[in-house]
Amino acid sequence: MRVVEDQENRYLNYLSQFSKVLYIKEESLIDLLKVDYELDAARSKFIIASERALSSLQYLKEQVKESRQHFSKVDQLIFSAYDSFFTEKMDANRGELSLLWASAIIEQLPGNSKVTFVGMDHDLYDFVERSYFSITKASPFSNDRYFFSNDALLYGTYRSDSNQEDFAQLISIYREPDRKSRYFKKVNKFLNINQQIKEKISNSDFQYMVTYDEIEIVY
């Protein structure tokens, strides 16, 4: 979150709604594991989490695999590769992948956890989908992770309070019609789960389709 750049304090106002906020740097992710595990066990869990989170990027995937040969400093090697990779890429998508990495660490901790991602674009969704929802990498933890986008929040708001005037006003304020929406179509109000659609929808069409129960927003 680019709090320093946010002159209107939107991020701080959002975070202030939570009773507790944990801020952690990527190189300190292994410290979360050390709370519950001895060092060697924490490193093993760290590798597992890193393999899942960084599997979408071939270079990082290879670096995680190679780091296994240097177990005593595996966390340092993986972070160094991660930091160098995103420095070269001008930090493009670093925030999204860091969130995914943190969630993969949380998966390794004892107890049941629920993770909710809130995002504007589709980069984070795409990373998480490839890491958690593909058939070959399916994880029980994927059942406890949720995605919120402005479209999803607007959809949920209308479902809980079907006030047309309020809905139209919220759409005009919060919705970006140039951002592609992920949704399922409905036929006679029955969900067609065989095809997920990702495309741009104008604000007027979005309002119409939600109002008449023709779609179900995914993200």
Among the residues of region 170-188 satisfying the criterion of being among the aliphatic types (A, V, I, L, M) and under 17 Å from Phe148 (Cβ atoms), which is surrounded by the most Cβ atoms within 10 Å (Cβ to Cβ)? Ile171
Give Phe85, Phe46, Phe71 a once-over and let me know the one that is modelled with pLDDT of 95 or more and closer than 23 Å to Asp121 by Cα. Phe85
Which numbered condition Tyr59 fails, given (1) over 22 Å from Phe148 (Cα atoms); (2) without any contact (Cβ under 8 Å) to a residue 12 or more places away in the chain: (2)
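Here is a yes/no grid of residues against (1) touching a Pro at 6+ places or on another chain (Cβ under 7 Å); (2) charged (D, E, K, R); (3) open to solvent by less than 30 Å² (accessible area, probe 1.4 Å):
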{"residue": "Ser84", "(1), (2), (3)": "no, no, no"}
{"residue": "Arg94", "(1), (2), (3)": "no, yes, no"}
{"residue": "Leu97", "(1), (2), (3)": "no, no, yes"}
{"residue": "Val118", "(1), (2), (3)": "no, no, no"}
{"residue": "Tyr125", "(1), (2), (3)": "no, no, yes"}
{"residue": "Arg130", "(1), (2), (3)": "no, yes, no"}
Count - residues of region 164-195 that are more than 14 Å from Asp213 (Cα to Cα) and either without any contact (Cβ under 8 Å) to a residue 24 or more places away in the chain or touching a strand residue (DSSP E or B) at 6+ places or on another chain (Cβ under 8 Å) (or both): 12
Considering only residues that are open to solvent by less than 50 Å² (accessible area, probe 1.4 Å) and among the charged types (D, E, K, R), look in region 21-73 and name the one that is farthest from Ser139 (Cα to Cα). Glu26
Residues (open to solvent by less than 40 Å² (accessible area, probe 1.4 Å) and at pLDDT 95 or above) located in region 191-210: Ile201, Phe206, Met209, Val210
Residues being touching a residue at least 12 places away in the same chain (Cβ under 8 Å) and open to solvent by 40 Å² or more (accessible area, probe 1.4 Å): count how many of those fall in region 147-161. 4
Under 7 Å between Cβ atoms, at least 6 apart or on separate chains: pull out the pairs that start in region 198-219 with a residue that is within 19 Å of Phe148 (Cα to Cα) and end on any residue that is assigned to a helix (DSSP H, G or I) and of a type in the set (Ser, Thr, Tyr). Asn203/Ser172; Val210/Tyr155; Val210/Tyr158; Ile217/Tyr155; Tyr219/Tyr125
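The values are calculated or read from the model by the stated rules, or taken from the named source; none is laboratory data. These figures come from a predicted structure and were not determined experimentally. Glycine gets a Cβ as well: all are built from the backbone with ideal geometry, and neighbour counts include every protein chain shown. Quick note on the areas: whole protein, heavy atoms, side chains included, nothing else; ligands and nucleic acids left out. Shrake-Rupley method; radii C 1.70, N 1.55, O 1.52, S 1.80 Å.
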